[in-house]
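> Okay, here's the structure, questions in a sec.
Derivation of every value follows stated rules applied to the coordinates shown; laboratory data play no part. Nothing here was measured: the structure is a model prediction, and the numbers come from that model. As a convention, Cβ positions derive from the backbone with ideal geometry for all residues, glycine included, and neighbour counts pool all protein chains shown.
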Amino acid sequence: MNKIKKCLFPAAGYGTRFLPATKATPKEMLPVLTKPLIQYGVEEAIEAGLNTMAIVTGRGKRAIEDHFDISYELEHQIKGTSKEHYLTEIKDVIEKCTFSYTRQVEMKGLGHAILAGQTLIGNEAFAVVLADDLCDNTDEQSGVLSQMVKLYEKYKCSIVAIEEIPKQDTNKYGVIVGEQEEEGVYRVNDMVEKPDPKDALSNLAIIGRYILTPDIFDIIKYTKPGKCGEIQITDALLTQAKQGKVIAYKFKGTRFDCGSIDGFVEATNYFYSKSM
């Protein structure tokens, strides 16, 4: 299989937990310090060697496209001033990769959002980043996607990033169980979306980082709505897992659930402390 070059960002959700802030602003554009969440995800993808960003958007998400574009008027206004350097990072991002967009007309779950991105991905393996799962690593560590890309080169199958969570929180995540292949790496044999804690297979929860092989698109097409009446990527991945084609990886790094207010505040405090 060819090396992974494309990263899909499902970004069509409403962000209802942050209303009214997200009434007119995409949740992916909420800033942690001076950068929006989705820029952190794009930078992580670039670090992993990916150079094509495919973004699934929806109504009211134009700000994402504008962010990853040149702003001639703004650049003209601050050119030659002490503020010019503030745009250095985002200009660097724009120069290093290309961006393409498609719309998810109806919100039918993460699986459906990923399927909506098929037109941008084509027939090749690809990464998926959920921008509201913000991940950070020490200077000595590579990013989560970099770690997963290296793992993909070894196993050549779909990979999900996992972390241990409190057992009482399993109803918020997809949960896996599997046989350990090596330290922190599991061959998945079962996975369930948002199980009740008393029914959970384990406390190993899937977070918003995936590498998927292209056959996942056909599998999603035949996946029936599951939890919450949505098409879940967990259910589609289970089909691959039954064939021994899914690896779960306990990544190295720190992850913040910026889809929740508590996690967003925690991330802001963490990155502020790190910048001091």
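> Search region 113-129 for residues being of a type in the set (A, V, I, L, M) and under 22 Å from LYS3 (Cβ atoms), and hand back the single one that is surrounded by the fewest Cβ atoms within 10 Å (Cβ to Cβ).
Result: LEU120.
> Okay, moving on. For region 152-168, how many residues are more than 20 Å from ILE233 (Cα to Cα) and among the aliphatic types (A, V, I, L, M)?
0
> If I filter region 23-32 for residues that are surrounded by fewer than 18 Cβ atoms within 10 Å (Cβ to Cβ), in contact with a helix residue (DSSP H, G or I) (Cβ under 6 Å, 6 or more places away or on another chain) and small (Gly, Ala, Ser), do I get at least one hit?
Start the filter on region 23-32 by keeping residues that are surrounded by fewer than 18 Cβ atoms within 10 Å (Cβ to Cβ), which leaves 23-25, 31.
Going one step further and asking which of them are in contact with a helix residue (DSSP H, G or I) (Cβ under 6 Å, 6 or more places away or on another chain), we end up with none.
No, the conditions are met nowhere in region 23-32.
> Considering ILE78, ILE70, which residue is in contact with a Leu (Cβ under 8 Å, 6 or more places away or on another chain) and of a type in the set (A, V, I, L, M)?
Working: ILE70 fails: in contact with a Leu (Cβ under 8 Å, 6 or more places away or on another chain).
Every option except ILE78 fails the conditions.
> Sticking with this structure for a sec: Does LEU87 satisfy the criteria of being surrounded by 12 or more Cβ atoms within 10 Å (Cβ to Cβ) and either in contact with a strand residue (DSSP E or B) (Cβ under 7 Å, 6 or more places away or on another chain) or in contact (Cβ under 8 Å) with a residue 60 or more places away in the chain (or both)? Spell out how you get there, then give the answer.
On the way: surrounded by 12 or more Cβ atoms within 10 Å (Cβ to Cβ): yes; either in contact with a strand residue (DSSP E or B) (Cβ under 7 Å, 6 or more places away or on another chain) or in contact (Cβ under 8 Å) with a residue 60 or more places away in the chain (or both): no.
Spelling it out, it is not the case that LEU87 is surrounded by 12 or more Cβ atoms within 10 Å (Cβ to Cβ) and either in contact with a strand residue (DSSP E or B) (Cβ under 7 Å, 6 or more places away or on another chain) or in contact (Cβ under 8 Å) with a residue 60 or more places away in the chain (or both).
> Residue check, THR119 against (1) under 19 Å from GLY253 (Cα atoms); (2) without any contact (Cβ under 8 Å) to a residue 24 or more places away in the chain; (3) among the hydroxyl-bearing types (Ser, Thr, Tyr), all met but one. Which one?
Going through the list (1) under 19 Å from GLY253 (Cα atoms); (2) without any contact (Cβ under 8 Å) to a residue 24 or more places away in the chain; (3) among the hydroxyl-bearing types (Ser, Thr, Tyr), THR119 breaks only (1).
> Find the residue count for region 1-58, including only residues that are touching a residue at least 12 places away in the same chain (Cβ under 8 Å) and farther than 30 Å from THR213 by Cβ. Give the derivation first.
The first filter runs over region 1-58 and keeps only residues touching a residue at least 12 places away in the same chain (Cβ under 8 Å), leaving 1-15, 17-18, 24-30, 32-58.
Of the ones still in play, those that are also farther than 30 Å from THR213 by Cβ are 17-18, 24-25, 29-30, 32-35.
Counting residues in region 1-58 that are touching a residue at least 12 places away in the same chain (Cβ under 8 Å) and farther than 30 Å from THR213 by Cβ gives 10.
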